[in-house]
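Novice: Next up is a structure, given as structure tokens.
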Amino acid sequence: QVQLVESGGGLVQAGGSLRLSCAASGSIFSINAMGWYRQAPGKQRELVASIITGGSTNYADSVKGRFTISRDNAKNTVYLQMNSLKREDTAVYYCDADVWTVVAGIRGDYWGQGTQVTVSS
């Protein structure tokens with residue numbers, strides 16, 4: 001089994017910064033893509049940013065220039081540095097990982113439990 005544990009959420013004023021972390025552990029052989037999604041009340045879950053093993057990244061238009069995704073492959077950890085936060089960034093942020101497990105031929109998509117980010121005006 002694979003577990004993803006997020007940390008770093010909280011309450012911040014508009015214009016402030018937060019850094020989210022997500023550590024993957026368990027029966028991991030390798031991790032392909034890792035990403036961050038968010039879901040605001042009454043809205044669908046949306047992709048915020050993703051990063052593949054080689055380091056290529058992808059961002060939602062709404063966060064480009066403000067958020068930076070990075071990963072430490074040795075630690076199976078992905079980070080999301082969030083700067084210039086806006087009220088509309090308020091949401092539960094979820095970590096996602098596309099994992100090849102140590103069980104031969106088993107590949108799965110795993111999710112963290114979510115961490116709340118609240119941006120106040």
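Novice: Sum up the charges of everything whose Cβ sits under 15 Å from the Cβ of V117, counting Lys and Arg as +1 and Asp and Glu as -1, but leave V117 out. Don't skip to the answer; put the middle values down first.
Specialist: Working: positive: R19, R38, K43, R45, R66, K86, R87; negative: E6, E46, E88, D89.
Summing Lys and Arg as +1 and Asp and Glu as -1 gives +3.
Novice: Moving on. Share of region 35-121's accessible area from carbon and sulfur, percent, 1.4 Å?
Specialist: Numbers: 2220 of 4620 Å².
Of all accessible area on region 35-121, carbon and sulfur atoms account for 48 percent.
Novice: Which of the lysines could be linked to K86 by a straight reach, that is with a Cα gap under 22 Å, when you skip same-chain ones fewer than 8 residues away?
Specialist: Straight-line reach from K86, under 22 Å: K43, K64.
Novice: Another question, if that's okay. Given axes a ≥ b ≥ c from the Cα gyration tensor, I'd like to know whether region 31-70 is rounded (a/c under 1.5), prolate (a/b larger than b/c) or oblate.
Specialist: oblate
Novice: Using a probe radius of 1.4 Å on heavy atoms only, what accessible surface per residue do you get for region 8-110? Whole Å² is fine.
Specialist: Working: 5340 Å² over 103 residues.
Heavy-atom accessible area per residue stands at 52 Å².
Novice: How large is the charge dipole for the chain, taken about the Cα centre, if only the Cβ atoms of Lys, Arg (+1) and Asp, Glu (-1) carry charge, to the nearest 20 debye? Write out the running numbers ahead of the final one.
Specialist: On the way: 11 positive and 9 negative charges, 43 e Å.
That gives a dipole near 200 debye.
The values are calculated or read from the model by the stated rules, or taken from the named source; none is laboratory data. Predicted model, so just to flag it, every value in this text is computed and none were measured. Because the Cβ atoms are built from the backbone with ideal geometry, glycine has one as well, and the counts that use them run over all protein chains shown. Protein only, heavy atoms only, side chains kept; ligands, DNA and RNA dropped before computing areas. Shrake-Rupley method; radii C 1.70, N 1.55, O 1.52, S 1.80 Å.
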